[in-house]
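Student: The structure that follows is given in the form of structure tokens.
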Amino acid sequence: MSILDDLRKLSAAEEFFDLLGVEYDPNIVRHSRLHILRRMGEYLHKAAPEGASDDEVREACREFLAKAYQDFTKSSPIEERLFKVHKDAVKPKEEPKKPFVPLTTVTTSNG
């Protein structure tokens with residue numbers, strides 16, 4: 001069984017930290033658990049070691065989890081804007097489109 005198989009079986013963020021041997025502050029994890037794991041997934045997706053041994057994959061996962069955790073010790077989930085709802089909250093609002101009536105549809109009444 002590989003480290004990725006082991007990680008897939010986990011359900012709590014704290015289990016990821018424990019399995020990978022990454023120290024953490026429970027208060028930070030309590031407030032940012034989904035964000036930390038999502039960021040770890042992004043890092044892993046961008047730099048997944050292809051053809052690596054299970055030990056190399058484990059080390060990469062450990063490093064990515066530690067890096068993701070550090071992101072949220074310096075910043076908040078709102079500031080990191082990882083999820084769509086947070087991105088949309090600061091997205092500039094589009095101005096409403098003005099109605100357009102082509103001249104070819106304008107008719108005059110003769111009568």
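Nothing in this text is a laboratory measurement; each read-out follows from the coordinates by a stated rule. Quick caveat: nothing in here was measured; it's all calculated off a predicted structure. Neighbour counts are summed over all protein chains in view; Cβ atoms, including those assigned to glycine, are modelled from backbone coordinates with ideal geometry.
Student: Size of the dipole of the range 3-77 about the Cα centre, Lys and Arg at +1 and Asp and Glu at -1 on the beta carbon, nothing else charged, in debye to 20? Please list the in-between numbers first.
Tutor: Numbers: 11 positive and 15 negative charges, 95 e Å.
Charge dipole, the range 3-77, about its Cα centre: 460 debye, nearest 20.
Student: Same structure, new question: Excluding same-chain residues fewer than 8 positions from Lys46, which aspartates and glutamates have a Cα within less than 20 Å of its Cα?
Tutor: Cα-Cα hits under 20 Å: Asp5, Asp54, Asp55, Glu56, Glu59, Glu63, Asp71, Glu80.
Student: Calculate one ³J(HN,Hα) per residue across the range 7-13 by plugging θ = phi - 60° into the Karplus curve 6.51 cos²θ - 1.76 cosθ + 1.60, and present them in order as whole Hz with x for glycine and proline.
Tutor: 5, 4, 7, 7, 10, 10, 4
Student: If each residue's Cβ is checked for other Cβ atoms within 10 Å, how do Ser53, Ser109 rank with the fewest at the top? Don't skip to the end; give the middle numbers.
Tutor: Details: Ser53 10, Ser109 4.
Listed from fewest to most nearby Cβ atoms, that is Ser109, Ser53.
Student: Then there is this: May I ask you to evaluate 6.51 cos²θ - 1.76 cosθ + 1.60, the Karplus curve with θ = phi - 60°, for each residue of the range 27-44 and list the ³J(HN,Hα) values in order in whole Hz, giving x for glycine and proline?
Tutor: 5, 5, 5, 4, 8, 10, 3, 5, 5, 4, 5, 5, 5, 4, x, 5, 4, 5
Student: Can you work out the Karplus-derived ³J(HN,Hα) for every residue in the range 63-68? Use 6.51 cos²θ - 1.76 cosθ + 1.60 with θ = phi - 60°, whole Hz, and x for glycine or proline.
Tutor: For the range 63-68, the Karplus-derived couplings read 5, 5, 5, 4, 5, 5 Hz, x marking Gly and Pro.
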